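For reference, the structure is listed below as structure tokens.
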Amino acid sequence: MARDRGFEVVKRLVGTKVTLPERQTKYAAGYDLAASEDFTLPSIWRRNFLKVLWHLRHKETVSDPLMQAADKELKPYLVPTGVKAYMRYNEVLMLVNRSSGPLKRRLILPNGVGVIDADYYSNDSNDGEIFVQLVNYGLRDVQIKKGDRIAQGIFVNYLTVDNETTPDTERDGGFGSSGQ
């Protein structure tokens, strides 16, 4: 039987307890992705970020080093899931917020929707492991425990334009590698 789409544990975690994504109800579209390890997601409301806001509020100049330090505190974190997804060539796995993430835990995907392409599966760089970009906009750090559901994935067919010149470049890396 041909395999159309599914999830597997990445090689580095085979034999450990990793939660494979599952739908939680009969008509759910999304497969809940869980963290593969304990993870602390810091709040964006850190010292340097607040200093920059204070300076801006008082119409004061902000130094480049302070701006860079504050910007670093705003970066998303990559939370590992320990799983990879295989799918047909004309499909994509879209990563989206769980509806409870922003409401209950103040966690969001900063890019709105993550896109996992079919050729990301088992790449040489990271074996196709799915990482969920998250930002904690709450006032306190959030402790994510191994097995906590952090996002959902939805498999979707996509279309291409007529008369497209199909790229012959193949993926040679992991996260963000097709944009190099």
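The values are calculated or read from the model by the stated rules, or taken from the named source; none is laboratory data. Note that the structure is a prediction, hence the values are computed from the model and not measured. Virtual Cβ from ideal backbone geometry, glycine too; neighbours counted across all protein chains shown.
Scanning the stretch 77-89 for residues that are assigned to a loop (DSSP other than H, G, I, E, B) and modelled with pLDDT of 95 or more gives THR81, GLY82, MET87, ARG88. Cβ-Cβ under 9 Å, sequence separation 6+ or interchain: first residue in the stretch 99-113 and of a type in the set (Val, Ile, Thr), partner part of a helix (DSSP H, G or I). Which pairs? That search, which allows pairs on different chains as well, returns ILE108/GLY101; ILE108/PRO102.
Just so you know, in the stretch 81-130 the residues that are touching a Ser or Thr at 6+ places or on another chain (Cβ under 9 Å) and acidic (Asp, Glu) include one that is nearest to ILE154 (Cα to Cα), and it is ASP117. Remark: pairs (first residue in the stretch 24-39, more than 13 Å from ALA151 (Cα to Cα); second residue at pLDDT 95 or above and not in a loop (DSSP other than H, G, I, E, B); Cβ separation under 7 Å; 6+ apart in sequence or on different chains) = GLU37/PRO80; ASP38/ILE144; PHE39/VAL79; PHE39/ILE144. Just one of the listed residues (ASP141, ASP119, ASP162) is touching a Pro at 6+ places or on another chain (Cβ under 7 Å), among the charged types (D, E, K, R) and at negative phi, and it is ASP141. Condition check for LYS51 on (1) over 28 Å from ILE130 (Cα atoms); (2) touching a residue at least 60 places away in the same chain (Cβ under 8 Å): one failure, at (2).
For (1) modelled with pLDDT of 95 or more; (2) more than 17 Å from SER43 (Cβ to Cβ), each residue gets a yes or a no:
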residue: GLN133; (1), (2): yes, no
residue: LYS146; (1), (2): yes, yes
residue: GLN152; (1), (2): yes, yes
residue: VAL156; (1), (2): yes, yes
residue: GLU170; (1), (2): no, yes
